[in-house]
Amino acid sequence: MLRPSPASPLLSLPGAVPAEAPDEGVAAHYGDLFREQRALADGSGFVDLSHRGVVTVTGPERLSWLHLLLTQHVSDLAPGHATEALILSAHGHIEHAVYLVDDGETTWMHTEPGNQEALIAYLESMKFFYRVEVADRTDEIAVVHLPAGSIAEAPGSAVVRETAHGRELFLPRAGLESFAEGFTGGSSRTMPGAGPAIGVLALEALRVEAHRPRLGLETDHRTIPHELGWIGTAVHLEKGCYRGQETVARVHNLGKPPRRLVFLHLDGSEVHLPPHGTPVRLASDGEEGRQLGFITTSARHHELGPIALALVKRNVPLDAPLMAGGTAAAQEAVVAP
C-alpha cells in the first residue's frame, strides 16, 4: 500500500479544489481550469507538486552506482543537468520512473506520489558495498513546477531541475507557503508577472498535449519503454548493463513493441471525459467490438478541447476512427507502428 505524502498547506488558498487519485494532497485547480492552463502555457504561475515522493542519494559513488541501476547514462552527470530515467524488471517492464538532478554533492529525484518507499526499498537492496546513502526526503522537501518562460526567481534554498518544459524546484516544505505568497499575495512587489497558483489538472492537460507519459497512468504491469516513446528521453541505448537491458536491446534491434502510445482528439459534444482504463475499439466495430487498447489519461484542453492519451495494439491502422467507450476519437501517432 502506498504511503500518502503530507497534504499541502496550499489547499487553504482561495478556490482550491482537492485533486483525486493519483494526485491527492494538492489542488486540482483553484477555480478556473482554463484560465490556469492559459497562464501555464504563457509561462506564468506555479504548480504545487508537493505530493510527489522525493528521494536523495549521497556519497562519493552515487552516480557510478545509479548508472548500474538506471536506464539512463548518469555516471558523468554534470551538476545542474536534468535527466529522467527508468528502473525496469528483469523482463524489461517499467517499475519506476524518476526525474533527477545532481547538485555536485547529492542526487535529487522525485517520483510518483507514494511510490518513494518501493523505490527506496529497491535501491537499498542494491547498495552492497557501494559508498552511498539513500534517504526519503518527502516529509521535508516539496516539489514545485515553474513553466517554461517563467520569470520567477528560485529561492536560494531550492535545488533546481530545469527542463524544456520548465523548472522543478526542490524546496524546503516549511517554506512552501512563503514561496506561494510571492505569487498569490505579493506578486506585484516580489515577483512581477509571476502569475497565479495553478492546479495539477492544468499541468496534466499540457502533459497530454505534449505526449509525455506518466508512470501508473500510461503504464501497466507489462509496459516496456518502447511503447511510450521513452527511448532516448529516459533510456540510453549505448550505456552498459542494467536490469532489463536485454529486452530493451532486443526490441530495439530485432522487433517492434506490441503496443504503441497514441494521442486522441475526442468528440467535444460529450459531457464526460472517458476515465483511465476506458476500452478503445474501432469505431466501425461499435461498443461491443474487440478491445484494442485503453485510455491512459484524458483532459480538457483550453484550445484543443477534450483530448487523451491511449495505449493501443501496434497494428491498429493509423487512419482508423476509434471509440473510447462511447466517445468518438481521432488518433495521432506518438509511437510509430
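The values are calculated or read from the model by the stated rules, or taken from the named source; none is laboratory data. Predicted, not measured: the structure shown is a model, and the values here were computed from it. For neighbour counting, all protein chains shown are included, and Cβ atoms are generated from backbone atoms with ideal geometry for every residue, glycine included. Quick note on the areas: whole protein, heavy atoms, side chains included, nothing else; ligands and nucleic acids left out. Shrake-Rupley method; radii C 1.70, N 1.55, O 1.52, S 1.80 Å.
Miscellaneous remarks
- Residue among 238, 287 that is modelled with pLDDT under 95 and either within 25 Å of the chain's Cα centre (by Cα) or within 22 Å of residue 96 (Cβ to Cβ) (or both): 238
- Verdict on residue 298 being hydroxyl-bearing (Ser, Thr, Tyr), closer than 21 Å to residue 209 by Cα and at pLDDT 95 or above: yes
- Residue count for segment 11-57, restricted to those that are buried (at least 22 other Cβ atoms within 10 Å of the Cβ) and in a helix (DSSP H, G or I): 3
- The residue of segment 245-289 that is most open to solvent (accessible area, probe 1.4 Å), among those that are part of a loop (DSSP other than H, G, I, E, B) and hydrophobic (A, V, I, L, M, F, W, C), is 271.
- Hey, residue 312 modelled with pLDDT of 95 or more and assigned to a loop (DSSP other than H, G, I, E, B) or not: no
Residue by residue, here is whether (1) free of Cβ contacts under 8 Å to residues at least 40 places away in the same chain; (2) out of contact with any helix residue (DSSP H, G or I) (no Cβ under 8 Å at 6 or more places or on another chain) holds:
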{"position": "124", "(1), (2)": "yes, yes"}
{"position": "147", "(1), (2)": "no, no"}
{"position": "167", "(1), (2)": "yes, yes"}
{"position": "207", "(1), (2)": "no, yes"}
{"position": "217", "(1), (2)": "no, yes"}
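- Flag set for residue 229, criterion: on the phi > 0 side of the Ramachandran plot and modelled with pLDDT of 95 or more.
- Subset of segment 235-244 (residues that are touching a residue at least 24 places away in the same chain (Cβ under 8 Å), in contact with a helix residue (DSSP H, G or I) (Cβ under 8 Å, 6 or more places away or on another chain) and either open to solvent by 30 Å² or more (accessible area, probe 1.4 Å) or part of a loop (DSSP other than H, G, I, E, B) (or both)): 239, 240, 241, 242, 243
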